[in-house]
Amino acid sequence: MKETGSSNKAIARSEYWRGVIQQQAVSGQSVSAFCAERGLTEQSLYSWRKRLGDQAPVSFALVTTDRSDRRPEAPLELELSAGCRLRIPCGVDAATLRTVLTVLREQP
């Protein structure tokens, strides 16, 4: 079980830094100013940017639903860029979903 816990922590850390890197990219601030404002080191941001740069990002589109037609048991369906569809059944926990998304990012 230790591996799962450390794996979840690594995934969470990667997701955190992926978000930080994206925030910096859209902020219009220099890396130096962005990091200083948030109490981060430039070295950490650059290190994570390099580490995560080789991973293909997963992009999402805004999805709207008609709430009146929504069934509680309806699965979540993701359409991937390759034209494939991924159906995720109801009740899947967040950790499992994070793992699936991480694996998808690692695919060529």
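The values are calculated or read from the model by the stated rules, or taken from the named source; none is laboratory data. Model, not experiment: these values are computed from the prediction. When we count neighbours, we look across all protein chains shown, and the Cβ atoms used for this are built from the backbone with ideal geometry, even at glycine.
For region 3-55, name all the residues that are among the β-branched types (Val, Ile, Thr) and loosely packed, with under 12 Cβ neighbours inside 10 Å.
Across region 3-55, the qualifying residues are Thr4, Val26, Thr41.
Can you name the condition, by its number, that Gln24 falls short on among (1) in contact with a helix residue (DSSP H, G or I) (Cβ under 6 Å, 6 or more places away or on another chain); (2) among the polar types (S, T, N, Q); (3) at pLDDT below 85?
Here Gln24 meets the rest and fails (3).
Arg87 is checked against (1) outside any helix (DSSP H, G or I); (2) at pLDDT 75 or above; (3) surrounded by 10 or more Cβ atoms within 10 Å (Cβ to Cβ); (4) not assigned by TED's automatic domain parsing to the domain that holds Gly5 and fails just one. What number does that condition carry?
(3)
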